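Data first, discussion second: the structure below is written as C-alpha coordinates.
The values are calculated or read from the model by the stated rules, or taken from the named source; none is laboratory data. What you see is a predicted model; the values in this text were computed from it and never measured. Neighbour counts run over all protein chains shown; Cβ positions are idealised from the backbone, glycine included.
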Amino acid sequence: MKIKETDSQSSFIPRLKEEEIIKIQKDLSSRLEKSHLFQYEKDINVYSIPILMSKEEHQSLSEDCLEILDLIMKIPGTLFKNDIEAYLDLLGYDSGEKQLLMSFHDFSSSDCWFSRADIIKSEEGFKLIEFNVDSSVGGMETGQLSRIVQELHGQRLKDYHFLDPYEGMIKGFEELFSTLGWKKEEKTIGIIDWYPDMLEYLQDHKNLAGILLENGFNSVVCHQENMIKKGNNLYLGDRKIDVLYKFFLLSDAKKGISHMTDLLHPVHISDVRIINSVYTDIYSNKGNLALLWDTRYFETLSAEQQNLVKKYIPWTKFFTPQSTIVHRGSLISFKEFVFNNKASLVLKPIKGYGGDGVILGWTVSSEEWKEEIEMIMNRDEPYIVQERVESKPKELPYVKDEKVEWLDTDLNYGLLLCKNSPNGLFVRGVPKKANSLTNINQGASIGTVLIKNI
(Lines give C-alpha, C1' and ligand atoms only; values in the text may rest on other atoms or scores of the structure.)
Protein backbone atom coordinates (compact mmCIF):
# COMPACT_ATOMS: atom_id res chain seq x y z
CA MET A 1 0.00 0.00 0.00
CA LYS A 2 1.60 3.27 -1.09
CA ILE A 3 0.88 6.52 0.67
CA LYS A 4 2.14 10.03 0.50
CA GLU A 5 4.83 10.61 3.13
CA THR A 6 3.76 13.27 5.59
CA ASP A 7 5.28 14.84 8.66
CA SER A 8 2.54 13.96 11.12
CA GLN A 9 4.04 16.08 13.88
CA SER A 10 3.43 19.26 11.84
CA SER A 11 -0.29 18.79 12.44
CA PHE A 12 0.19 18.62 16.19
CA ILE A 13 -1.03 21.22 18.66
CA PRO A 14 0.92 24.51 18.70
CA ARG A 15 3.95 24.55 20.99
CA LEU A 16 2.71 24.78 24.56
CA LYS A 17 3.88 27.37 27.04
CA GLU A 18 6.69 26.35 29.34
CA GLU A 19 4.54 26.38 32.48
CA GLU A 20 1.95 24.15 30.81
CA ILE A 21 4.55 21.62 29.70
CA ILE A 22 5.99 21.53 33.23
CA LYS A 23 2.53 20.96 34.74
CA ILE A 24 1.71 18.17 32.29
CA GLN A 25 5.09 16.55 32.95
CA LYS A 26 4.53 16.63 36.73
CA ASP A 27 1.01 15.25 36.42
CA LEU A 28 2.25 12.58 34.03
CA SER A 29 5.01 11.48 36.43
CA SER A 30 2.52 11.31 39.29
CA ARG A 31 0.01 9.26 37.29
CA LEU A 32 2.72 6.86 36.09
CA GLU A 33 3.93 6.31 39.64
CA LYS A 34 0.41 5.59 40.90
CA SER A 35 -0.12 3.18 38.01
CA HIS A 36 3.20 1.42 38.74
CA LEU A 37 4.26 1.93 35.12
CA PHE A 38 7.95 1.81 34.14
CA GLN A 39 8.88 1.04 37.75
CA TYR A 40 11.76 -1.19 36.67
CA GLU A 41 13.54 1.87 35.23
CA LYS A 42 13.32 4.64 37.81
CA ASP A 43 15.20 7.27 35.81
CA ILE A 44 13.33 6.87 32.55
CA ASN A 45 12.11 10.09 30.94
CA VAL A 46 8.61 10.01 29.46
CA TYR A 47 7.61 12.56 26.83
CA SER A 48 4.71 14.78 27.84
CA ILE A 49 3.45 15.23 24.28
CA PRO A 50 2.66 12.47 21.78
CA ILE A 51 3.91 11.88 18.28
CA LEU A 52 1.00 11.90 15.84
CA MET A 53 0.38 9.69 12.83
CA SER A 54 -2.34 9.62 10.21
CA LYS A 55 -4.68 6.63 10.10
CA GLU A 56 -3.59 5.91 6.54
CA GLU A 57 0.09 5.98 7.42
CA HIS A 58 -0.41 3.66 10.39
CA GLN A 59 -2.45 1.19 8.36
CA SER A 60 0.12 1.07 5.57
CA LEU A 61 3.03 0.66 7.98
CA SER A 62 1.26 -2.13 9.88
CA GLU A 63 0.33 -4.07 6.74
CA ASP A 64 3.84 -3.80 5.33
CA CYS A 65 5.51 -4.90 8.58
CA LEU A 66 3.21 -7.90 8.82
CA GLU A 67 4.19 -8.91 5.30
CA ILE A 68 7.89 -8.51 6.11
CA LEU A 69 7.45 -10.72 9.17
CA ASP A 70 5.78 -13.31 6.95
CA LEU A 71 8.77 -13.17 4.57
CA ILE A 72 11.12 -13.74 7.52
CA MET A 73 9.09 -16.72 8.73
CA LYS A 74 9.29 -18.30 5.27
CA ILE A 75 13.10 -18.13 5.08
CA PRO A 76 13.74 -21.61 6.62
CA GLY A 77 11.41 -23.36 4.21
CA THR A 78 12.31 -21.42 1.07
CA LEU A 79 16.05 -20.86 1.43
CA PHE A 80 17.01 -23.87 3.55
CA LYS A 81 14.39 -26.38 2.33
CA ASN A 82 13.40 -26.87 5.98
CA ASP A 83 16.93 -27.89 6.98
CA ILE A 84 16.40 -26.15 10.30
CA GLU A 85 19.76 -27.17 11.73
CA ALA A 86 21.64 -25.53 8.84
CA TYR A 87 19.51 -22.41 9.30
CA LEU A 88 20.28 -22.27 13.02
CA ASP A 89 23.99 -22.79 12.36
CA LEU A 90 24.07 -19.79 10.05
CA LEU A 91 22.23 -17.70 12.63
CA GLY A 92 24.92 -18.43 15.21
CA TYR A 93 23.10 -20.67 17.69
CA ASP A 94 25.21 -23.01 19.83
CA SER A 95 24.43 -26.68 20.46
CA GLY A 96 22.38 -26.03 23.62
CA GLU A 97 20.32 -23.32 21.96
CA LYS A 98 19.75 -25.53 18.93
CA GLN A 99 18.53 -28.36 21.15
CA LEU A 100 15.89 -26.10 22.69
CA LEU A 101 14.90 -24.48 19.41
CA MET A 102 14.60 -27.76 17.53
CA SER A 103 12.39 -29.20 20.24
CA PHE A 104 9.88 -26.41 19.65
CA HIS A 105 10.11 -26.29 15.85
CA ASP A 106 6.56 -27.59 15.34
CA PHE A 107 5.18 -24.66 17.34
CA SER A 108 6.69 -21.97 15.13
CA SER A 109 3.44 -20.64 13.68
CA SER A 110 0.57 -21.45 16.03
CA ASP A 111 2.09 -19.93 19.15
CA CYS A 112 3.61 -16.78 17.60
CA TRP A 113 1.42 -14.03 19.02
CA PHE A 114 3.56 -11.01 19.84
CA SER A 115 6.17 -9.09 17.89
CA ARG A 116 7.57 -5.59 17.55
CA ALA A 117 9.07 -3.92 14.51
CA ASP A 118 11.71 -1.32 15.38
CA ILE A 119 11.50 1.43 12.80
CA ILE A 120 13.25 4.70 12.05
CA LYS A 121 11.65 7.40 9.93
CA SER A 122 14.33 8.86 7.67
CA GLU A 123 14.09 11.47 4.94
CA GLU A 124 13.37 8.58 2.55
CA GLY A 125 10.57 7.13 4.69
CA PHE A 126 10.24 4.38 7.27
CA LYS A 127 13.09 1.87 7.62
CA LEU A 128 12.81 -1.34 9.63
CA ILE A 129 16.08 -1.99 11.47
CA GLU A 130 15.06 -4.92 13.70
CA PHE A 131 12.19 -7.32 14.33
CA ASN A 132 11.65 -8.67 17.84
CA VAL A 133 9.35 -11.69 18.04
CA ASP A 134 8.66 -12.66 21.63
CA SER A 135 6.04 -12.39 24.36
CA SER A 136 8.49 -10.30 26.37
CA VAL A 137 8.76 -7.48 23.81
CA GLY A 138 8.90 -4.09 25.47
CA GLY A 139 6.10 -1.59 25.00
CA MET A 140 3.02 -3.55 26.07
CA GLU A 141 2.22 -0.96 28.75
CA THR A 142 2.15 1.94 26.30
CA GLY A 143 -1.63 1.73 25.97
CA GLN A 144 -1.87 2.85 29.58
CA LEU A 145 0.65 5.61 28.88
CA SER A 146 -1.35 6.76 25.85
CA ARG A 147 -4.53 6.89 27.89
CA ILE A 148 -2.89 9.09 30.54
CA VAL A 149 -1.31 11.45 27.98
CA GLN A 150 -4.58 11.84 26.10
CA GLU A 151 -6.47 12.60 29.32
CA LEU A 152 -3.90 15.21 30.39
CA HIS A 153 -4.20 17.04 27.06
CA GLY A 154 -8.00 16.85 26.95
CA GLN A 155 -9.72 18.46 23.96
CA ARG A 156 -6.45 19.04 22.11
CA LEU A 157 -6.29 15.32 21.33
CA LYS A 158 -9.99 14.53 20.92
CA ASP A 159 -9.54 13.60 17.25
CA TYR A 160 -6.91 10.94 17.97
CA HIS A 161 -6.95 7.39 19.30
CA PHE A 162 -4.48 4.68 20.24
CA LEU A 163 -4.25 0.90 20.29
CA ASP A 164 -3.83 -0.72 23.70
CA PRO A 165 -1.54 -3.77 23.38
CA TYR A 166 -3.22 -5.41 26.35
CA GLU A 167 -6.57 -5.28 24.56
CA GLY A 168 -5.01 -7.23 21.70
CA MET A 169 -3.62 -9.71 24.22
CA ILE A 170 -7.03 -10.17 25.88
CA LYS A 171 -8.64 -10.69 22.47
CA GLY A 172 -6.05 -13.38 21.74
CA PHE A 173 -6.84 -15.23 24.96
CA GLU A 174 -10.58 -14.89 24.35
CA GLU A 175 -10.15 -16.50 20.93
CA LEU A 176 -7.92 -19.27 22.30
CA PHE A 177 -10.35 -20.18 25.07
CA SER A 178 -13.29 -20.08 22.67
CA THR A 179 -11.53 -22.34 20.16
CA LEU A 180 -10.67 -24.88 22.85
CA GLY A 181 -14.08 -24.68 24.51
CA TRP A 182 -12.51 -23.58 27.78
CA LYS A 183 -14.26 -21.70 30.57
CA LYS A 184 -12.23 -18.86 32.08
CA GLU A 185 -13.04 -19.78 35.66
CA GLU A 186 -11.75 -23.33 35.16
CA LYS A 187 -8.35 -22.50 33.67
CA THR A 188 -5.17 -20.74 34.83
CA ILE A 189 -2.62 -18.74 32.86
CA GLY A 190 0.93 -19.02 34.18
CA ILE A 191 2.97 -15.83 33.68
CA ILE A 192 6.35 -17.55 33.63
CA ASP A 193 9.71 -15.78 33.81
CA TRP A 194 13.25 -16.68 34.85
CA TYR A 195 14.21 -16.58 38.51
CA PRO A 196 15.95 -14.59 39.98
CA ASP A 197 16.26 -12.14 37.04
CA MET A 198 12.47 -11.72 37.01
CA LEU A 199 12.48 -9.92 40.36
CA GLU A 200 13.41 -6.72 38.55
CA TYR A 201 10.19 -6.96 36.53
CA LEU A 202 7.94 -8.43 39.20
CA GLN A 203 5.71 -5.34 39.37
CA ASP A 204 5.12 -5.55 35.61
CA HIS A 205 4.04 -9.18 35.98
CA LYS A 206 1.70 -8.26 38.83
CA ASN A 207 0.21 -5.48 36.67
CA LEU A 208 -0.35 -8.02 33.89
CA ALA A 209 -1.99 -10.47 36.30
CA GLY A 210 -4.32 -7.67 37.39
CA ILE A 211 -5.33 -6.90 33.81
CA LEU A 212 -6.03 -10.57 33.12
CA LEU A 213 -8.14 -10.79 36.28
CA GLU A 214 -10.13 -7.68 35.30
CA ASN A 215 -11.06 -9.55 32.13
CA GLY A 216 -12.07 -12.74 33.89
CA PHE A 217 -8.86 -14.76 33.47
CA ASN A 218 -7.19 -16.53 36.38
CA SER A 219 -3.41 -16.16 36.39
CA VAL A 220 -0.36 -16.70 38.58
CA VAL A 221 3.21 -15.41 38.37
CA CYS A 222 5.65 -18.32 38.35
CA HIS A 223 9.16 -19.33 37.34
CA GLN A 224 11.29 -22.33 36.43
CA GLU A 225 12.08 -23.23 40.03
CA ASN A 226 8.63 -23.23 41.61
CA MET A 227 6.72 -25.04 38.87
CA ILE A 228 6.55 -28.82 38.85
CA LYS A 229 5.49 -31.40 36.28
CA LYS A 230 3.02 -34.09 37.29
CA GLY A 231 2.41 -36.54 34.48
CA ASN A 232 1.43 -34.44 31.48
CA ASN A 233 0.46 -31.40 33.52
CA LEU A 234 2.19 -28.39 35.08
CA TYR A 235 1.48 -27.13 38.57
CA LEU A 236 2.32 -24.24 40.84
CA GLY A 237 1.66 -25.81 44.20
CA ASP A 238 -1.81 -27.34 43.84
CA ARG A 239 -2.72 -24.97 41.00
CA LYS A 240 -2.83 -26.58 37.56
CA ILE A 241 -1.40 -24.36 34.80
CA ASP A 242 -3.17 -24.55 31.44
CA VAL A 243 -1.43 -21.78 29.47
CA LEU A 244 2.14 -20.51 29.74
CA TYR A 245 2.58 -16.83 28.97
CA LYS A 246 6.34 -16.96 28.49
CA PHE A 247 8.60 -14.07 29.47
CA PHE A 248 11.95 -15.80 29.87
CA LEU A 249 14.35 -15.71 26.92
CA LEU A 250 16.23 -18.41 25.07
CA SER A 251 19.41 -17.18 26.77
CA ASP A 252 17.73 -17.92 30.11
CA ALA A 253 16.43 -21.36 29.15
CA LYS A 254 19.86 -22.56 27.98
CA LYS A 255 21.09 -22.19 31.59
CA GLY A 256 19.04 -25.27 32.43
CA ILE A 257 18.45 -27.17 29.21
CA SER A 258 17.61 -30.59 30.65
CA HIS A 259 15.36 -29.10 33.33
CA MET A 260 13.49 -26.89 30.86
CA THR A 261 13.15 -29.69 28.30
CA ASP A 262 11.55 -31.89 30.96
CA LEU A 263 9.45 -29.10 32.51
CA LEU A 264 7.99 -28.02 29.17
CA HIS A 265 7.27 -31.55 27.94
CA PRO A 266 3.48 -31.12 28.50
CA VAL A 267 3.55 -28.35 25.89
CA HIS A 268 4.65 -30.84 23.24
CA ILE A 269 1.63 -33.05 23.75
CA SER A 270 -0.75 -30.08 23.78
CA ASP A 271 -1.86 -30.54 27.38
CA VAL A 272 -0.41 -27.10 28.10
CA ARG A 273 -0.53 -24.21 25.64
CA ILE A 274 2.33 -21.73 25.30
CA ILE A 275 2.41 -18.16 24.01
CA ASN A 276 5.51 -17.41 21.90
CA SER A 277 7.60 -20.52 22.58
CA VAL A 278 11.38 -20.32 22.67
CA TYR A 279 11.38 -21.11 18.93
CA THR A 280 10.14 -17.64 18.00
CA ASP A 281 13.56 -16.33 19.06
CA ILE A 282 14.83 -17.23 15.59
CA TYR A 283 12.59 -14.62 13.98
CA SER A 284 14.21 -11.96 16.18
CA ASN A 285 17.66 -12.91 14.91
CA LYS A 286 19.10 -9.97 12.97
CA GLY A 287 20.67 -12.37 10.51
CA ASN A 288 17.23 -12.69 8.93
CA LEU A 289 17.50 -9.13 7.63
CA ALA A 290 20.72 -10.10 5.85
CA LEU A 291 18.93 -13.16 4.43
CA LEU A 292 16.15 -10.96 3.05
CA TRP A 293 18.87 -9.31 0.95
CA ASP A 294 20.51 -12.64 0.08
CA THR A 295 20.25 -13.04 -3.70
CA ARG A 296 19.18 -16.67 -3.36
CA TYR A 297 16.13 -15.67 -1.31
CA PHE A 298 15.52 -12.23 -2.80
CA GLU A 299 15.11 -13.69 -6.30
CA THR A 300 12.35 -16.05 -5.11
CA LEU A 301 10.22 -13.05 -4.09
CA SER A 302 7.62 -11.40 -6.28
CA ALA A 303 8.36 -7.95 -7.69
CA GLU A 304 6.06 -6.44 -5.07
CA GLN A 305 7.84 -8.28 -2.26
CA GLN A 306 11.24 -7.25 -3.59
CA ASN A 307 10.12 -3.63 -3.63
CA LEU A 308 8.93 -4.02 -0.03
CA VAL A 309 12.37 -5.24 1.05
CA LYS A 310 14.06 -2.40 -0.84
CA LYS A 311 11.70 0.15 0.67
CA TYR A 312 11.95 -0.90 4.31
CA ILE A 313 15.08 -2.95 4.97
CA PRO A 314 18.38 -1.06 5.01
CA TRP A 315 21.19 -2.86 3.21
CA THR A 316 22.26 -5.62 5.62
CA LYS A 317 24.97 -8.27 5.25
CA PHE A 318 26.63 -10.88 7.43
CA PHE A 319 30.03 -9.61 8.57
CA THR A 320 32.32 -12.07 6.83
CA PRO A 321 35.72 -10.30 6.67
CA GLN A 322 37.25 -12.95 4.42
CA SER A 323 34.72 -12.31 1.65
CA THR A 324 34.91 -9.69 -1.09
CA ILE A 325 32.54 -7.02 -2.34
CA VAL A 326 32.29 -4.93 -5.50
CA HIS A 327 32.51 -1.30 -4.44
CA ARG A 328 32.59 1.54 -6.98
CA GLY A 329 33.52 -0.88 -9.71
CA SER A 330 36.38 -2.54 -7.84
CA LEU A 331 36.56 -5.89 -6.08
CA ILE A 332 37.80 -5.29 -2.53
CA SER A 333 37.80 -7.25 0.72
CA PHE A 334 34.65 -6.87 2.78
CA LYS A 335 36.78 -6.05 5.82
CA GLU A 336 38.35 -3.15 3.93
CA PHE A 337 34.93 -1.92 2.81
CA VAL A 338 33.62 -1.92 6.38
CA PHE A 339 36.72 -0.22 7.74
CA ASN A 340 36.63 2.56 5.13
CA ASN A 341 32.92 3.31 5.46
CA LYS A 342 32.42 3.61 9.20
CA ALA A 343 30.43 6.86 8.90
CA SER A 344 27.61 5.03 7.12
CA LEU A 345 27.65 1.62 8.83
CA VAL A 346 26.49 -0.10 12.02
CA LEU A 347 27.87 -3.35 13.42
CA LYS A 348 25.39 -5.50 15.36
CA PRO A 349 25.57 -8.93 17.00
CA ILE A 350 22.92 -11.04 15.30
CA LYS A 351 21.49 -12.16 18.64
CA GLY A 352 20.62 -10.29 21.82
CA TYR A 353 18.56 -7.36 23.00
CA GLY A 354 18.89 -3.92 24.54
CA GLY A 355 21.46 -2.57 22.12
CA ASP A 356 24.24 -4.64 23.70
CA GLY A 357 27.27 -4.92 21.44
CA VAL A 358 25.95 -2.50 18.79
CA ILE A 359 28.63 -0.19 17.39
CA LEU A 360 27.66 2.98 15.52
CA GLY A 361 30.51 3.71 13.14
CA TRP A 362 30.03 7.48 13.12
CA THR A 363 30.35 7.71 16.92
CA VAL A 364 33.84 6.22 17.22
CA SER A 365 37.28 7.13 15.92
CA SER A 366 38.90 5.26 13.05
CA GLU A 367 41.24 3.56 15.50
CA GLU A 368 38.36 2.47 17.74
CA TRP A 369 36.44 1.22 14.71
CA LYS A 370 39.42 -0.82 13.58
CA GLU A 371 39.85 -2.28 17.08
CA GLU A 372 36.18 -3.23 17.21
CA ILE A 373 36.44 -4.96 13.83
CA GLU A 374 39.48 -6.93 14.98
CA MET A 375 37.74 -7.97 18.21
CA ILE A 376 34.64 -9.08 16.33
CA MET A 377 36.78 -11.19 14.01
CA ASN A 378 38.16 -13.02 17.05
CA ARG A 379 34.74 -13.76 18.54
CA ASP A 380 32.59 -16.80 17.91
CA GLU A 381 29.47 -14.62 17.85
CA PRO A 382 28.39 -13.62 14.32
CA TYR A 383 27.69 -9.97 13.47
CA ILE A 384 25.85 -8.17 10.72
CA VAL A 385 26.79 -4.95 9.00
CA GLN A 386 23.86 -2.64 8.38
CA GLU A 387 23.55 0.59 6.47
CA ARG A 388 23.09 3.60 8.73
CA VAL A 389 19.56 4.97 8.87
CA GLU A 390 19.50 8.59 9.95
CA SER A 391 16.36 9.66 11.76
CA LYS A 392 14.34 12.63 10.59
CA PRO A 393 14.42 14.54 13.90
CA LYS A 394 11.36 15.77 15.79
CA GLU A 395 11.51 18.67 18.21
CA LEU A 396 10.39 17.46 21.65
CA PRO A 397 10.37 19.03 25.13
CA TYR A 398 12.74 17.90 27.89
CA VAL A 399 11.96 19.08 31.42
CA LYS A 400 14.70 19.45 34.00
CA ASP A 401 14.86 21.59 37.15
CA GLU A 402 11.59 23.37 36.32
CA LYS A 403 12.89 24.37 32.88
CA VAL A 404 11.89 23.18 29.41
CA GLU A 405 14.32 22.68 26.57
CA TRP A 406 13.04 21.79 23.10
CA LEU A 407 15.55 19.55 21.37
CA ASP A 408 15.79 17.88 17.97
CA THR A 409 15.23 14.21 18.78
CA ASP A 410 16.07 10.99 16.97
CA LEU A 411 13.15 8.60 17.27
CA ASN A 412 12.81 4.84 17.02
CA TYR A 413 9.21 3.72 16.51
CA GLY A 414 8.06 0.47 18.12
CA LEU A 415 5.19 -1.00 16.10
CA LEU A 416 3.55 -3.76 18.12
CA LEU A 417 1.74 -6.63 16.40
CA CYS A 418 -0.45 -9.39 17.82
CA LYS A 419 -1.69 -12.35 15.80
CA ASN A 420 -1.51 -10.62 12.41
CA SER A 421 -3.04 -7.35 13.61
CA PRO A 422 -1.58 -3.98 14.65
CA ASN A 423 -1.42 -3.84 18.44
CA GLY A 424 0.10 -0.55 19.56
CA LEU A 425 2.68 2.07 18.71
CA PHE A 426 5.21 4.01 20.76
CA VAL A 427 8.55 5.75 20.39
CA ARG A 428 11.91 5.82 22.07
CA GLY A 429 14.02 8.91 21.58
CA VAL A 430 17.35 10.57 22.33
CA PRO A 431 18.40 14.17 21.66
CA LYS A 432 20.14 14.29 18.29
CA LYS A 433 23.18 15.89 19.87
CA ALA A 434 23.59 12.79 22.08
CA ASN A 435 24.50 10.77 18.96
CA SER A 436 23.62 7.46 20.64
CA LEU A 437 21.32 4.44 20.43
CA THR A 438 17.59 5.01 20.84
CA ASN A 439 17.23 2.20 23.34
CA ILE A 440 15.68 2.33 26.81
CA ASN A 441 18.55 0.29 28.26
CA GLN A 442 20.94 2.89 26.84
CA GLY A 443 19.12 5.86 28.39
CA ALA A 444 16.49 6.72 25.77
CA SER A 445 13.19 8.41 26.65
CA ILE A 446 9.82 6.86 25.85
CA GLY A 447 6.67 8.36 24.39
CA THR A 448 3.35 7.48 22.87
CA VAL A 449 2.04 7.71 19.32
CA LEU A 450 -1.58 8.67 18.68
CA ILE A 451 -3.43 7.97 15.44
CA LYS A 452 -5.82 10.40 13.78
CA ASN A 453 -9.39 9.11 13.76
CA ILE A 454 -10.04 9.88 10.07
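Let me confirm something: among Ile384, Ile359, Ile373, which residue is in contact with a helix residue (DSSP H, G or I) (Cβ under 9 Å, 6 or more places away or on another chain), crowded, with 16+ Cβ neighbours inside 10 Å and farther than 25 Å from Leu411 by Cα? Step through it out loud before you land on a result.
Details: Ile384 fails: farther than 25 Å from Leu411 by Cα; Ile359 fails: farther than 25 Å from Leu411 by Cα.
Answer to the selection: Ile373.
Against the definition (within 21 Å of Lys121 (Cα to Cα) and surrounded by 19 or more Cβ atoms within 10 Å (Cβ to Cβ)), how does Ser54 come out, yes or no?
No.
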- Message: If Lys229 meets every condition in (1) surrounded by fewer than 18 Cβ atoms within 10 Å (Cβ to Cβ); (2) assigned to a helix (DSSP H, G or I); (3) charged (D, E, K, R) apart from one, which number is that one?
- Response: (2)
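Would you check which residues across region 15-30 are assigned to a loop (DSSP other than H, G, I, E, B) and either touching a Cys at 6+ places or on another chain (Cβ under 6 Å) or among the aliphatic types (A, V, I, L, M) (or both) and list them?
At the first step, the residues of region 15-30 found to be assigned to a loop (DSSP other than H, G, I, E, B) are 15-17.
Leu16 - this is the single residue of region 15-30 that is assigned to a loop (DSSP other than H, G, I, E, B) and either touching a Cys at 6+ places or on another chain (Cβ under 6 Å) or among the aliphatic types (A, V, I, L, M) (or both).
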- Of the residues in region 268-287, those that are touching a Lys or Arg at 6+ places or on another chain (Cβ under 7 Å) and of a type in the set (A, V, I, L, M) come to Ile274, Ile275
- Test for Asn420: is it on the phi > 0 side of the Ramachandran plot and either modelled with pLDDT under 95 or out of contact with any Cys (no Cβ under 6 Å at 6 or more places or on another chain) (or both): yes
- Residues within region 405-423 that are closer than 27 Å to Ile72 by Cα and either touching a Gly at 6+ places or on another chain (Cβ under 6 Å) or surrounded by fewer than 22 Cβ atoms within 10 Å (Cβ to Cβ) (or both), tallied: 9
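One line per residue, one yes/no per condition, for (1) more than 17 Å from Thr280 (Cα to Cα); (2) at pLDDT below 95; (3) over 22 Å from the mean Cα position of the chain (by Cα):
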residue	(1), (2), (3)
Lys2	yes, yes, yes
Ser30	yes, yes, yes
Ile44	yes, yes, no
Glu63	yes, no, no
Leu69	no, no, no
Glu85	no, yes, yes
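Criterion first (hydrophobic (A, V, I, L, M, F, W, C), at pLDDT 95 or above and either in contact with a Gly (Cβ under 7 Å, 6 or more places away or on another chain) or over 22 Å from Lys348 (Cα atoms) (or both)) does Ile451 satisfy it? Steps first, please.
On the way: hydrophobic (A, V, I, L, M, F, W, C): yes; at pLDDT 95 or above: yes; either in contact with a Gly (Cβ under 7 Å, 6 or more places away or on another chain) or over 22 Å from Lys348 (Cα atoms) (or both): yes.
Criteria met by Ile451.
Does region 390-403 include one or more residues that are closer than 28 Å to Glu336 by Cβ and surrounded by 12 or more Cβ atoms within 10 Å (Cβ to Cβ)?
Residues of region 390-403 that are closer than 28 Å to Glu336 by Cβ, as a first pass: 390.
Applying the additional criterion that residues be surrounded by 12 or more Cβ atoms within 10 Å (Cβ to Cβ) yields 390.
The answer is yes, given that some residue of region 390-403 is closer than 28 Å to Glu336 by Cβ and surrounded by 12 or more Cβ atoms within 10 Å (Cβ to Cβ).
Of the residues that make up region 195-204, is at least one outside any strand (DSSP E or B), charged (D, E, K, R) and crowded, with 20+ Cβ neighbours inside 10 Å?
As a first pass, look at region 195-204 and keep what is outside any strand (DSSP E or B): 195-204.
Filter once more, keeping what is charged (D, E, K, R): 197, 200, 204.
With crowded, with 20+ Cβ neighbours inside 10 Å added as a condition, the list becomes 204.
Yes, region 195-204 contains at least one residue that is outside any strand (DSSP E or B), charged (D, E, K, R) and crowded, with 20+ Cβ neighbours inside 10 Å.
In region 340-353, how many are part of a helix (DSSP H, G or I) and of a type in the set (Lys, Arg)?
Going through region 340-353, the residues part of a helix (DSSP H, G or I) turn out to be 340, 342-344.
Those still in the list that are of a type in the set (Lys, Arg) too: 342.
Total satisfying the criteria: 1.
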- Residues of region 233-260 satisfying the condition of being more than 26 Å from the chain's Cα centre (by Cα) and either under 17 Å from Leu212 (Cβ atoms) or in contact (Cβ under 8 Å) with a residue 60 or more places away in the chain (or both): Leu236, Arg239, Lys240, Ile241, Asp242
- Determine if region 153-163 includes at least one residue that is buried (at least 21 other Cβ atoms within 10 Å of the Cβ) and of a type in the set (Gly, Ala, Ser). no
